[in-house]
Amino acid sequence: ATISDQNSTVEVEWIVEVREMGTGSEDFPEEQGLDEAIEIFPNPFYESVDIRYILPFEAEVQIQVFDLTGRQVAVLASALQPRGIQSLRWNGRSDRGGILPEGIYIVRFVYQGGYETMVQERKVVISR
């Protein structure tokens, strides 16, 4: 696709539009195509946080948590997952089992399916 404004033109392979995700368990709508949605709640959180996301296609999914220095502190998912609504709960602990200190963390979602790779990042706050 080509995106233009008054000053420049850019060629892009794909465009991601983030939409609000409902709380129902309805099937993934066909018209969304490669769009995806991520919901993290509560945020900030004290003991645990729920993460829900929609996969527009079957994909190899990696969900990682980084601190603000860029150090990976946890891997929440690393597996082939089916198309549709997925969810998980994170307890705010590192991969080593330690309780992470309060602060801001970045959750990185990477979906790889076929020839498509989608990367999204969200901020999550631990408040102890």
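All of the numbers you see were taken from the coordinates with simple rules; none came from a lab. Predicted model only: the values in this text are computed from it and were never measured. In this analysis, Cβ positions are derived from the backbone assuming ideal geometry, glycine residues included, and neighbour counts consider all displayed protein chains.
What do you get for chymotrypsin sites (Phe, Trp or Tyr not before Pro) in segment 83-128 restricted to DSSP loop and a cutoff of at most 14 other Cβ within 10 Å of the site's Cβ?
Working: sites: TRP90, TYR105, PHE109, TYR111, TYR115; in loops: TYR115.
Passing both the DSSP loop test and the Cβ count: TYR115.
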Self-check item: Potential extension, GLN62-ILE99 segment - 0.36 nm per residue separation minus Cα distance
Solution: 11.2 nm
